[in-house]
Amino acid sequence: MTADQTEIRTVFGSSSELVSAWLDSLSNSEHYWQYCSEHPEVADRIGRLIEACPQIVPVLCGLDSLAQELFHVDFESERLPSEGLENLRVDDSVRVVAQKYKAAWLKAVLNWLYNQDFDLGPQFSAIQDQLLIHIKKRLYLDIDVFTLGCTGSFEPSTSSTIDLLLLANDSLSLSAANSQAKDLVEFVFGLQRLGAPLSVNVRFRPGERQEQLCQSYSAFKTYDFDGMTMSERFSLGSARLVDGSDKARAIVEYCAYALPLTPERLKELVKIKRRIETEEVQPKHVRRNVRLGYGGLSDIDWMVHLHEMRYPTATKAGSNADMVLRIKTLGRVRLMNAVEIEELLVARHHLLTTQNRLWLLGMETDILPENPDKLDKLAKSMSLKDANCLLQTHEHVIEGVRRLYLESLERLRA
């Protein structure tokens, strides 16, 4: 390390080790060290960025093209040009695909960090959709690809896994369909090994067919009539076709809404929701888990989809996967009033922001920390005065969400 590098490290402050690791990973690292020495205001801006989201450093490492933008654009006040994956070529190397995915992902994160009106979830979903479509085209896959959960609802977070449902026309043999599904998953794992911030999980592998990644249309329809649980049927409410046939879309939508939400089925689903909350959330984290805990994002997801299952025609269930639009639809058809809808949207924004900030700061995923210093750091990253202000805001949000969830259950039981 040169004397200039040692001196400029002091400008990076508490982030000096991480910034140094990033700069040293670049092919023209000496240029960037020199640039920081000549432009201390840039070095200071870079230091603040890494302090705000240290988890992005492994993704940044080796991305020379993005480094040029970050050093020459005031990203705290200017939005970086969006970057998608539409221009990926089927003959691009796996490394190139990983690099372009990382760059697109990072630009979305940076634009969200410094632009209050930038919605991160839909941008992440768009990037992930483009990647899946590229993989299908690149590997000549004939299977239908659906996303589920938060990705299906256009609200994946920085820490989300992409949940997939894979189907195939009956004309494709089962062995060929599963071979194609395996190729898709292994390609994603290859990108992950190259540092791309993504992971996948294939859902709906029922019964004794756990080794199967893909099901035929007829097998899926048979499972609908003979074995599909209410929790699985519920999860199909967030299914979104990324690439595939209208026939596959119709089959999945039918399975999601074929059974009316009777009082007995509502009772069964509420028990499942309660079991998830008690078995997957530690007691000490019940009010601190922003995803599955008391008044968390899960309460909002369940509240919205239970209404859709009860009133599929009025809500046009299955016609729109976007969670924001689904929430607004409940107000439009007068299943909830305008004040309740606004409260849900504000709460959703707080919970998603908290979830993303937790991951970017390297804190425990989805869990509001108990450590006062960590809480204070999280609060400052969310433009809140201090830890007490954050806790007050969070308590107000989760109490409001849980109240709306319980009130919705009472209406649905009536």
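The values are calculated or read from the model by the stated rules, or taken from the named source; none is laboratory data. What you see is a predicted model, and the numbers here were worked out from it, not measured in a lab. Because the Cβ atoms are built from the backbone with ideal geometry, glycine has one as well, and the counts that use them run over all protein chains shown.
What to note about this one:
- A single entry from MET309, MET303 fulfils the requirement of being touching a helix residue (DSSP H, G or I) at 6+ places or on another chain (Cβ under 6 Å), surrounded by 21 or more Cβ atoms within 10 Å (Cβ to Cβ) and more than 20 Å from ASP119 (Cβ to Cβ): MET303.
- Pairs, first of a type in the set (Phe, Trp, Tyr) in region 396-413, second assigned to a helix (DSSP H, G or I) and surrounded by 19 or more Cβ atoms within 10 Å (Cβ to Cβ), C-beta under 8 Å, six or more apart: TYR405/ASP299; TYR405/ILE300; TYR405/TRP302; TYR405/MET303
- Residues that are of a type in the set (Ser, Thr, Tyr) and assigned to a helix (DSSP H, G or I), drawn from region 168-187: SER175, SER179
- Scanning region 207-227 turns up one or more residues that are assigned to a loop (DSSP other than H, G, I, E, B), under 22 Å from the mean Cα position of the chain (by Cα) and crowded, with 17+ Cβ neighbours inside 10 Å.
- Residue in region 268-280 that is surrounded by the fewest Cβ atoms within 10 Å (Cβ to Cβ), counting only those that are closer than 15 Å to TYR405 by Cβ and free of Cβ contacts under 8 Å to residues at least 24 places away in the same chain: ARG274
- Within region 122-152, the residues that satisfy the criterion of being surrounded by fewer than 24 Cβ atoms within 10 Å (Cβ to Cβ) and small (Gly, Ala, Ser) are ALA126, GLY149.
- Verdict on LEU132 being over 23 Å from VAL304 (Cα atoms), in contact with a Phe, Trp or Tyr (Cβ under 7 Å, 6 or more places away or on another chain) and at pLDDT 95 or above: no
- The criterion of at least 2 residues that are modelled with pLDDT of 85 or more and within 29 Å of the chain's Cα centre (by Cα) is met, among helices (runs of 4 or more DSSP H) falling completely within region 1-50, by 16-25.
- Among the residues making up region 228-255, those that are part of a helix (DSSP H, G or I), over 19 Å from ASP129 (Cβ atoms) and either without any contact (Cβ under 8 Å) to a residue 40 or more places away in the chain or not assigned by TED's automatic domain parsing to the domain that holds ILE133 (or both) are GLU232, ARG233, ALA250, TYR254, CYS255.
- Those helices (runs of 4 or more DSSP H) lying entirely in region 268-344 with at least 1 residues more than 20 Å from SER153 (Cβ to Cβ) and either at pLDDT below 95 or within 23 Å of the chain's Cα centre (by Cα) (or both): 312-315
- One residue from LEU80, LEU113, LEU106, LEU70 being in contact with a Leu (Cβ under 7 Å, 6 or more places away or on another chain), surrounded by 13 or more Cβ atoms within 10 Å (Cβ to Cβ), aliphatic (A, V, I, L, M) and not in a loop (DSSP other than H, G, I, E, B): LEU106
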